[in-house]
1. State whether the residues of the range 121-130 include one that is in contact (Cβ under 8 Å) with a residue 60 or more places away in the chain, assigned to a strand (DSSP E or B), on the phi > 0 side of the Ramachandran plot and in contact with a strand residue (DSSP E or B) (Cβ under 7 Å, 6 or more places away or on another chain).
2. Restricting to the range 73-89, name every residue that is in contact (Cβ under 8 Å) with a residue 40 or more places away in the chain and part of a loop (DSSP other than H, G, I, E, B).
3. Quick one: in the range 131-150, of everything that is surrounded by fewer than 19 Cβ atoms within 10 Å (Cβ to Cβ) and assigned to a strand (DSSP E or B), which residue is modelled with the lowest pLDDT?
4. Among the listed residues Ile111, Ile58, which satisfies the condition of being over 28 Å from the mean Cα position of the chain (by Cα), closer than 17 Å to Tyr180 by Cα and either crowded, with 20+ Cβ neighbours inside 10 Å or of a type outside the set (Lys, Arg) (or both)?
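The values are calculated or read from the model by the stated rules, or taken from the named source; none is laboratory data. Quick caveat: nothing in here was measured; it's all calculated off a predicted structure. Methodologically, a virtual Cβ is constructed for each residue, glycine included, from the backbone with ideal geometry; neighbour enumeration extends over all protein chains shown.
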Amino acid sequence: MRTRTLIVSLTAAGAALLSACATTTSANPEPSTNTPEPPPRPSTTTTTTPPVTKLPPIPPIVEAEVTITKTTPKPPPGVPCAGTADACIDLSANRTWLLSDGEVTFGPAPITHGRPGWETPPGTFNVGWKDIDHLSSEFDNAPMPYSVFFNGGIAFHEGSLTDLSHGCIHLSNSAARTYYEALQVGDVVQVVS
């Protein structure tokens, strides 16, 4: 019953609206002067101004009193690597050094390096990682104590000073310990032939 009443009411309201529209004779009817204007609707737009932060004044530009120039350290006498290297390897002389700001801090120390077919490549590299008791994953878990990796799988580590390696730099036990403690990840290793 309620549904019928609602439909009838809506139908009657729609009919009244249509008849009011149909009786308009002009496309632009004049507004009725008898109808009071509706009250203004409240504004829902809120305008806020962000707080102003006062910055300190920019200081004037002045000329520096002192110019600081960083110079590249020269290689120490008898060391074939750049003064910027942290470790230097001379493959032809089978020697290595540790350096700091172009000064020798350790060495020369004797080494052996890569055998034919497994040559140690020359170049400049960075220490990538260290492992105090590394076992070779390529060569039957061969021990590589005090490993300092600087070129992929090539590392300084304790090894034979008479047998050539598979590319690594073999050091004595004491030299390997020193290199392991002194070199950090990111340090520069230069290998010259």
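1. Here is the first cut: in the range 121-130, the residues in contact (Cβ under 8 Å) with a residue 60 or more places away in the chain are 121-127.
Checking the rest, the ones that are also assigned to a strand (DSSP E or B) come to 123-126.
Those still in the list that are on the phi > 0 side of the Ramachandran plot too: 123.
Those left that are additionally in contact with a strand residue (DSSP E or B) (Cβ under 7 Å, 6 or more places away or on another chain): 123.
Yes: one or more hits.
2. Quick first cut of the range 73-89, residues in contact (Cβ under 8 Å) with a residue 40 or more places away in the chain only: 80-82, 84-89.
Pro80, Cys81, Ala82, Thr84, Ala85, Asp86 - these are the residues of the range 73-89 that are in contact (Cβ under 8 Å) with a residue 40 or more places away in the chain and part of a loop (DSSP other than H, G, I, E, B).
3. Taking the range 131-150 as the starting set, the residues that turn out to be surrounded by fewer than 19 Cβ atoms within 10 Å (Cβ to Cβ) are 131-133, 135-143, 145.
From what is left, the residues that are assigned to a strand (DSSP E or B) are 131-133, 135, 143, 145.
On the way: Asp131: 95, Ile132: 95, Asp133: 94, Leu135: 86, Pro143: 92, Pro145: 96.
Checked the range 131-150; the qualifying residue modelled with the lowest pLDDT is Leu135.
4. On the way: Ile58 fails: closer than 17 Å to Tyr180 by Cα.
Being over 28 Å from the mean Cα position of the chain (by Cα), closer than 17 Å to Tyr180 by Cα and either crowded, with 20+ Cβ neighbours inside 10 Å or of a type outside the set (Lys, Arg) (or both) holds for just one of Ile111, Ile58, which is Ile111.
Residues are listed down the side, and each one gets a yes or a no for (1) in a loop (DSSP other than H, G, I, E, B); (2) closer than 24 Å to Ala155 by Cβ; (3) not small (Gly, Ala, Ser):
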| residue | (1), (2), (3) |
| --- | --- |
| Leu55 | yes, no, yes |
| Ile61 | yes, no, yes |
| Ala64 | yes, no, no |
| Thr67 | yes, no, yes |
| Thr71 | yes, no, yes |
| Ser92 | yes, yes, no |
| Trp97 | no, yes, yes |
| Gly107 | no, yes, no |
